[in-house]
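Notes to accompany the following structure.
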Amino acid sequence: QESAESQVLGYHDYSQMTNVLKNISASCQDIATLISLGKTKLGSDIWMMHFGPPVAEHVLPTILFVGNIHGEEMTSREMLMQLVIYLCEQYKQ
C-alpha cells in the first residue's frame, strides 16, 4: 500500500482519487468517513470525506471545503486531497 506522501504526487484521475480517499478512510477510520452524496450523469460517485466522530450520512458539516466543481479544474481537487491526507496523518501522530 502506498504511503500518504506518495499519494499526493502528481494529478489524479477519478479512479486514483477514489482509491486515495478510500485508503484514507480505512487508515483513519476513527475520524474519517467517506460518503457518496450521489451520482454524476455518468454514474460516478460524488464523494464527501467527513472528519469527526461517526455521524449519520445526512448531517451537515460545520466547515465545508468544495473542490472539482468543473472537471477540468484539477488544482482544487488536488489541494483538498492533500488536506485530507494531512488531517489523517496529523491525527495518527
Quiz prompt | Subset of the stretch 71-93 [in a loop (DSSP other than H, G, I, E, B) and more than 20 Å from Gly10 (Cβ to Cβ)] | solution = Gln93
Quiz item: Here are some residues: Asp45, Asp13. Which one is modelled with pLDDT of 75 or more and exposed (fewer than 10 other Cβ atoms within 10 Å of the Cβ)?
Solution: Asp13
Exercise. State all residues of the stretch 48-61 that are among the hydrophobic types (A, V, I, L, M, F, W, C) and modelled with pLDDT of 75 or more; if no residue qualifies, say none.
Key: Met48, Met49, Phe51
Quiz item: In the list Leu21, Leu87, Leu37, Leu64, which residue meets the criterion of being exposed (fewer than 14 other Cβ atoms within 10 Å of the Cβ) and modelled with pLDDT of 90 or more?
Solution: Leu37
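The values are calculated or read from the model by the stated rules, or taken from the named source; none is laboratory data. Because the structure is a prediction, the values reported are computed rather than measured. Cβ sites come from the backbone with ideal geometry, for glycine too, and all protein chains shown count toward neighbours.
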